Amino acid sequence: MYPILVELGPVRILTHDAFTVLALAVGLAIYYHELARRRWLDWKIVWISLAAILGAGVGARLITAWEHVEYYAALDGVPLTVAIEHSGKSLIGALAGGYLAIVIAKRAFHYRRSTGDAYVLAIPVATAIGRIGCFLSELPLGTPTTLPWGISVSSQAAAAFARCPGCELPMHPSMLYEVLFNVIAALVILRYRDRVPVPGDAVKLYLLAAGIFRFFVEFVRGNEPQALGLTGPQWVLIPLVGLLVVHFLGQLRRDAYRVPSPPVRGGLIA
């Protein structure tokens, strides 16, 4: 694989970090374009966006911290920055942390408008870009497979990782599964997002679909099971997906998606 994208003397740019920055830049560009197009761009939303970025960064690290307790237990011998850098990061945690930060920031600024529709396209596009970086720089790619699209890596590439179970066999390209899902999701969003009548629910629909998809991808992702045969991300997804299901059940009970019939005048539809 290609963990280092560019190396010029003392300058080294890691592939994962480069694609993460690119994903963030493209996602923000799409988001701000949508805000400007809807005439929602003002100083409050800029601060809320900054809070979302900070919340996503914290959430990405904290949600995996319990799986890497040894790094934080050794804080008396290593700098905090080293512990943070080696404590893992999670896209699920980034989404959850960013969403929570937006909710808190909106309340702090007394901002009541739902802005979910402005970033419903930005999230899958940015996620697809970020997952390409994961595919190019991380091992294992997934669990071993006999499917014709299984990908093999060299023993030298596998040796660069402290833990690489199944890397001697063809593996599921699980990151590419997520790339494909998010590309399809972005196309569906472009086509149908304006048909969701409740402001903010389009992004929740995406998060629900993405959460369910990621739950099943975890079975071929290569992450270690934590309890009852489920991985850490799966245990995190269960309550998150559950909350979204409760939300949509409530919306259905309230008949929130019923589109009123057009008025009838003189026996003809106006």
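What number comes out for the charge environment of LEU35, summing +1 per Lys or Arg and -1 per Asp or Glu over other residues with Cβ under 12 Å away? Don't jump to the answer; show the numbers that get you there.
Numbers: positive: ARG37, ARG38, ARG39, LYS44, ARG113; negative: GLU34, ASP42, ASP117.
Spelling it out: positives minus negatives among the neighbours equals +2.
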Inter-probe distance in nm under a simple model that places probes 7 Å from Cα toward Cβ, at GLN156 and LYS44: 5.8
Residues whose placed amide H lies under 5 Å from that of GLN226, excluding near-sequence neighbours: THR231, GLY232
How big is the gap, in Å, between the Cα center of the stretch 213-250 and the Cα center of the stretch 90-163? 14
Within-14-Å neighbourhood charge of PHE109 [Cβ basis; K, R +1; D, E -1]: +4
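Between ARG253 and ILE4, what FRET efficiency comes out of the Förster formula 1/(1 + (r/R0)^6) with R0 = 51 Å and r the beta carbon distance, rounded to 0.05?
Numbers: r = 53 Å, r/R0 = 1.04.
Calculated value: 0.45.
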Check which residues have an amide H placed less than 5 Å from GLY200's amide H, if you skip close sequence neighbours. GLY116, ASP117
Cα gyration tensor of the chain, axes a ≥ b ≥ c as square roots of the eigenvalues: rounded (a/c below 1.5), prolate (a/b > b/c) or oblate? prolate
Förster radius 45 Å - calculated FRET efficiency between TYR111 and GLN226, Cβ distance, rounded to 0.05: 0.75
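Where does the longest stretch of the chain lie that holds no chymotrypsin sites (Phe, Trp or Tyr not before Pro) found in a DSSP loop with 16 or fewer other Cβ atoms within 10 Å?
Working: sites that count: TRP40, PHE109, TYR111, TRP149, PHE161, TYR257.
The reported range is 162-256.
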If you add up the charges near LEU252, with Lys and Arg at +1 and Asp and Glu at -1, over every other residue whose beta carbon is less than 15 angstrom from its beta carbon, what do you get? +2
Gyration tensor verdict on the stretch 165-230 (Cα atoms; rounded if a/c is under 1.5, prolate if a/b is larger than b/c, oblate otherwise): oblate
For the chain, cysteines whose Cβ has no other cysteine Cβ within reach (under 4.7 Å): CYS134
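Since every read-out is calculated from the coordinates, none of them should be taken as a lab result. Since we're looking at a predicted model, the values are computed, not measured. All Cβ positions, even for glycine, are placed from backbone atoms using ideal geometry, and neighbour counts span all protein chains on display.
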